[in-house]
1. When you look at residue 144, is it surrounded by 17 or more Cβ atoms within 10 Å (Cβ to Cβ), under 16 Å from residue 196 (Cα atoms) and under 17 Å from the mean Cα position of the chain (by Cα), yes or no?
2. Out of everything in the stretch 185-207 that is modelled with pLDDT under 95 and surrounded by 14 or more Cβ atoms within 10 Å (Cβ to Cβ), what residue ends up being farthest from the chain's Cα centre (by Cα)?
3. Can you spot a residue in the stretch 135-152 that is in contact with a helix residue (DSSP H, G or I) (Cβ under 6 Å, 6 or more places away or on another chain) and modelled with pLDDT under 95?
4. Looking at residue 200, is it touching a residue at least 24 places away in the same chain (Cβ under 8 Å), part of a strand (DSSP E or B), over 17 Å from residue 66 (Cα atoms) and touching a strand residue (DSSP E or B) at 6+ places or on another chain (Cβ under 9 Å)?
5. What single numbered condition from (1) more than 15 Å from residue 74 (Cα to Cα); (2) touching a residue at least 40 places away in the same chain (Cβ under 8 Å); (3) under 12 Å from the mean Cα position of the chain (by Cα) fails to hold for residue 106?
6. Can you name the condition, by its number, that residue 124 falls short on among (1) modelled with pLDDT of 95 or more; (2) over 21 Å from residue 157 (Cβ atoms)?
């Protein structure tokens with residue numbers, strides 16, 4: 001991948017943002033992990049009560065999972081392939097709609113110093129067709145891009161259109177195939193629009 005800046009120098013105008021964000025990186029990561037744990041902890045008592053109630057009386061439908069991520073991105077018009085991991089949780093509060101939170105971290109296969117990390121949240125709609133649950137979603141969040149040779153590590157607002165399907169192999173386990181088309185806002189030297197595929201599995205809380 002080509003690097004438009006001299007080795008060891010910051011991109012123009014990014015030095016101050018870089019130092020500010022470095023101090024926030026541990027808190028962002030811990031925040032994402034804490035959110036996932038909080039969802040599970042807060043919902044556990046309610047789900048226990050829901051087990052004795054009819055389906056129509058339940059507060060919602062929760063799953064928590066993770067998976068492998070394969071992405072195709074670009075920087076300065078040069079294509080980049082990335083691989084990594086993901087964590088996600090969904091909560092359905094109506095028969096056909098609910099919300100989702102996603103965390104992903106992917107690294108370039110050709111330059112280990114380049115990675116993309118995203119935190120996203122948004123609404124989703126879905127249908128239930130036997131064991132298959134196709135869905136569509138719109139997400140908004142924050143993306144972190146680590147530039148080649150670690151010359152800068154900058155966060156950007158992002159929005160995403162996506163969809164996929166969950167497949168129930170048991171009452172407790174769902175498999176997932178997910179696709180996202182991300183848009184990184186105000187990214188320098190052109191627009192960053194990664195295509196992201198996630199293959200994963202989730203634990204489904206049920207009555």
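1. Numbers: surrounded by 17 or more Cβ atoms within 10 Å (Cβ to Cβ): yes; under 16 Å from residue 196 (Cα atoms): yes; under 17 Å from the mean Cα position of the chain (by Cα): yes.
It is true that residue 144 is surrounded by 17 or more Cβ atoms within 10 Å (Cβ to Cβ), under 16 Å from residue 196 (Cα atoms) and under 17 Å from the mean Cα position of the chain (by Cα).
2. My answer is 206.
3. Checked the stretch 135-152: at least one residue is in contact with a helix residue (DSSP H, G or I) (Cβ under 6 Å, 6 or more places away or on another chain) and modelled with pLDDT under 95.
4. no
5. So residue 106 meets the others, but not (1).
6. Residue 124 satisfies all of (1) modelled with pLDDT of 95 or more; (2) over 21 Å from residue 157 (Cβ atoms) except (2).
The values are calculated or read from the model by the stated rules, or taken from the named source; none is laboratory data. Keep in mind that this is a model prediction, so the values were computed, not measured. With ideal geometry, Cβ positions are generated from the backbone for all residues, glycine too; neighbour counts draw on all protein chains shown.
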